[in-house]
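For reference, the structure discussed in these notes is given below.
The values are calculated or read from the model by the stated rules, or taken from the named source; none is laboratory data. In this text the structure is predicted, and so the values were computed from the model without any measurement. With ideal geometry, Cβ positions are generated from the backbone for all residues, glycine too; neighbour counts draw on all protein chains shown. Accessible surface is based on the protein model in full, side chains and every heavy atom, while ligands, DNA and RNA are left aside. Shrake-Rupley method; radii C 1.70, N 1.55, O 1.52, S 1.80 Å.
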Amino acid sequence: MKKKQMKLWFLIPLIVFFGIVVMLYMRLGKPTEIVTNTALERPVPTFELPLLSDTSRNMTNSNLPNKPFLMNIWGSWCPTCIVEHPFLMQLEERGVEIIGVNYKDDIGNALSYLNQRGDPFSMSIQDSAGGFALDLGLTGAPETFIVDGDRVIRQHIIGEINEANWQERIMPCLKILNQASDNATALDPAQVAEVCQ
């Protein structure tokens, strides 16, 4: 009886191994890219979240600017956010409006982070549960969403913003969004699709 049990125990890892081989074989030739579900080309998802600097005040979509802006997802725990932060400060000095979304962070750590490094955000909301950022399609902080004057998301930048992607991708998109907003004209969908890719 014991010999039969020993043979069974020997066969179990072998069966598991063959099962994995079959599963991997079935995935051969199938697409492997991950498609993120972002709110691109849709209005900013509805939210009601506390203001980071005064948690007794709740912010909603109505508090967002009526002109194009950047929505930056950040956290004091995020090493790449620290790398990105000086460039955000430069953008703020250039007059770029940035709304901060403090993602899954301790409020004390977040406020200390801004006190030490400077605050580039015209306002920062606290998304401690992370639900709002996930509704946007966040894959990991930092990420930035470029939003038009009608509060529709037009571009999604994964990772840090720096001078290279600012010049190449973000500034051209923001420029056409600002032109439409300043002239009170409708956006050309084909132009937006081409420039804000």
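Considering only residues in the range 114-143 that are more than 19 Å from Asn63 (Cα to Cα) and touching a Ser or Thr at 6+ places or on another chain (Cβ under 7 Å), the one that is surrounded by the most Cβ atoms within 10 Å (Cβ to Cβ) turns out to be Pro142. For the range 177-184, does any single residue satisfy the condition of being under 22 Å from the mean Cα position of the chain (by Cα) and on the phi < 0 side of the Ramachandran plot? Yes, that holds for at least one residue. Among the residues of the range 144-188 satisfying the criterion of being within 14 Å of Ala39 (Cβ to Cβ), touching a Ser or Thr at 6+ places or on another chain (Cβ under 9 Å) and of a type outside the set (A, V, I, L, M), which is most open to solvent (accessible area, probe 1.4 Å)? Once the filter is applied, the top-ranked residue is Asp150. Each residue in the range 69-82 was checked for being open to solvent by 10 Å² or more (accessible area, probe 1.4 Å) and not in a helix (DSSP H, G or I), and 2 pass.
Screening Trp77 against (1) touching a residue at least 12 places away in the same chain (Cβ under 8 Å); (2) on the phi > 0 side of the Ramachandran plot leaves a single unmet condition, (2). Of the helices (runs of 4 or more DSSP H) that lie entirely inside the range 83-195, those containing 3 or more residues that are at pLDDT 95 or above, polar (S, T, N, Q) and closer than 26 Å to Leu49 by Cα span 107-117.
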